[in-house]
1. Where does helix 256-268 land angle-wise versus the long Cα axis of the chain, in degrees 0 to 90, nearest 10?
2. Taking K and R as +1 and D and E as -1, what net charge do the other residues with C-beta under 9 Å from the C-beta of Ile490 add up to?
3. Give, in nm to one decimal, the length gained when the segment between Leu249 and His426 is fully stretched (0.36 nm per residue of separation minus the Cα-Cα distance).
4. Only Cα pairs under 8 Å and at least 6 apart count here; give the relative contact order of the chain as a rounded whole percent.
5. Determine ³J(HN,Hα), in whole Hz, for all residues of segment 332-341 in sequence, where each value follows from phi through the Karplus function 6.51 cos²θ - 1.76 cosθ + 1.60 and θ = phi - 60°; x replaces Gly and Pro.
6. Output the peptides 280-289, 410-419 sorted from most to least packed, where packing is the average of other Cβ atoms within 10 Å over each peptide's residues.
7. When you count, for each residue, the other Cβ atoms within 10 Å and take the mean per peptide, how do 41-51, 268-278 rank with the highest first?
8. Could you give the size of the charge dipole of the chain about its Cα centre, using +1 on the Cβ of each K and R and -1 on the Cβ of each D and E, expressed in debye and rounded to the nearest 20?
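The values are calculated or read from the model by the stated rules, or taken from the named source; none is laboratory data. Everything numeric here is computed off the predicted structure, so don't read it as measured data. Cβ atoms come from the backbone with ideal geometry, glycine included; neighbour counts cover every protein chain shown. The protein model used for the area step is the full one, side chains on, heavy atoms only, and it has no ligands, DNA or RNA in it. Shrake-Rupley method; radii C 1.70, N 1.55, O 1.52, S 1.80 Å.
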Amino acid sequence: MAAFKNGIYQRYPALILLGIILLKFIFQYTLLNPAYELQRDEYLHLDQANHLAWGFISVPPFSSWIAYMIKLLGNGIFWIRFFPAAFGALTIVCTWHIAKRLKGSLYACVLAAIAVCFSSLVRINTLFQPNSFEILAWTFIFYSLVSFVETGKNKWLYFTAITIGIGFLNKYNIVFPLIGLFAGLLISSQRKVFFNKHLYVALIIFILIILPNIGWQFFHGFPVIQHMKELSATQLVNNERGNFIKEQLLFFIGSIILIIISFFGFAFYKPFHKHRFLFYSYIITIVFYIYLKAKGYYAFGLYPALIAFGTVYFEYLFSAGWKRLLRGIAIAVVVLMFIPFINIGMPLSSPMEMKKHNKALKEMGLLRWEDGKDHDLPQDFADMLGWKELALKTDSIYQTLKDRDHTLILTDNYGQAGAINFYAPHIKHAVSFNADYATWFPDLDSISAIILIKEAGEQALSPEEAKHFKKVITAGIVTNPFAREYKTTISLLLGVDSTILPYLKFKAIQERKKYMH
């Protein structure tokens, strides 16, 4: 009987962690109103599975590998949601083990895991984008470095290098916190790691991991540079530095006290002094992001580790007498503060309901889009509407054509092209002059008709351009008023003359050259 009880107690922490992970998966599959579809970026990442390479204009190749796995599994919504949810669950596991590595008790581990589970990461882990894995990668990097400092075992340097390498293949944004980490190590007592020969062997492993992608970038003229310039000019330019700071507070509102407590722990708690490089890394990276006018979620990968440190120090501060009562209150606060986040941070309400009660969203600046204007819904939610309508209407028009094999589906942006390729049952090769699609054009020598998709406010064809076609028909329009693609038009261009095809070829080559040389 005693042996049985001991076995139960030994498994108790694992059962709790498993329960939190199951709760995490429940969140990822249920906190979504069925009115919403996939988000604009997801369609591009899923389409990359059909064009596997060591690099893309928009992102490194890691997402395409996951997309290919999803494709092999049937390209269903369940699996599209599964992988970001799994990355989120693993982030919780890593956070738990950081707290455990810092000699936190079961309480500290549970509080850390709950704080990450009941946070804005629920929203990020809903989307098939590089962000979920990026956050996991940074959490594991910090876990590896904490383990290295605590144990002195050089294997953790190799784990760190491998994770940074894979993280680089996932998203180039990793470079910025990496600069912060380098500076944080340099100005802390852990600068001695630079005299460890294993660090440089690990560095070689890191270089070998990223070398194929660097080679791809080199041979294609480093398209990432042009992509970053466009991102800065079209999106980051409209970001406000104050909003970045506000979002750091808002999206971890339930555990903000734990994050602040971690800062005091680095200053006053002696067992944390050897880990101060993490605090320095955080500050340097945040300053870097503020200067660059970065989007708020770029920094999210820095927080799970800070939360783990905060829970351990919180446990230390409130470990005796009446103070122990605050432990339960801390868990309750994290959970209760998550409830209002669900209402503002998740697409839980229908678009109509959200419009009726969007005053709070407006006050928090969440209705401001990249164009700098306020709209009915947050841009992120509007980017999850109208895609299926667009795709099915385009497919219906495509089906009316006799010579479908010689029809070009030309869209205005990557979201439109990706959504059509994903939802339209008979179309798999819609393209655009935008992003990666500029490099995926089919043979243009024998095009007899064009289905042209144009965003609202964009003229389908000028009178001069219309002369190159025997017939121009406005065949469809996106009618969902809440969609970012609202009033996007679908035009059918029949009877292509001999001059338009060389023009399309030239434009495709020019767009490709804009990114690649």
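1. Computed tilt is about 50 degrees.
2. With Lys, Arg at +1 and Asp, Glu at -1, the neighbours total +2.
3. Extra length available between Leu249 and His426 comes to 59.1 nm.
4. 17
5. Per-residue couplings from phi come out as 4, 4, 4, 5, 5, 6, 6, 4, x, 4 Hz.
6. Top to bottom by mean Cβ count within 10 Å: 410-419, 280-289.
7. So the order, starting with the most tightly packed, is 41-51, 268-278.
8. Taking the Cα centre of the chain as origin, the dipole is about 2080 debye.
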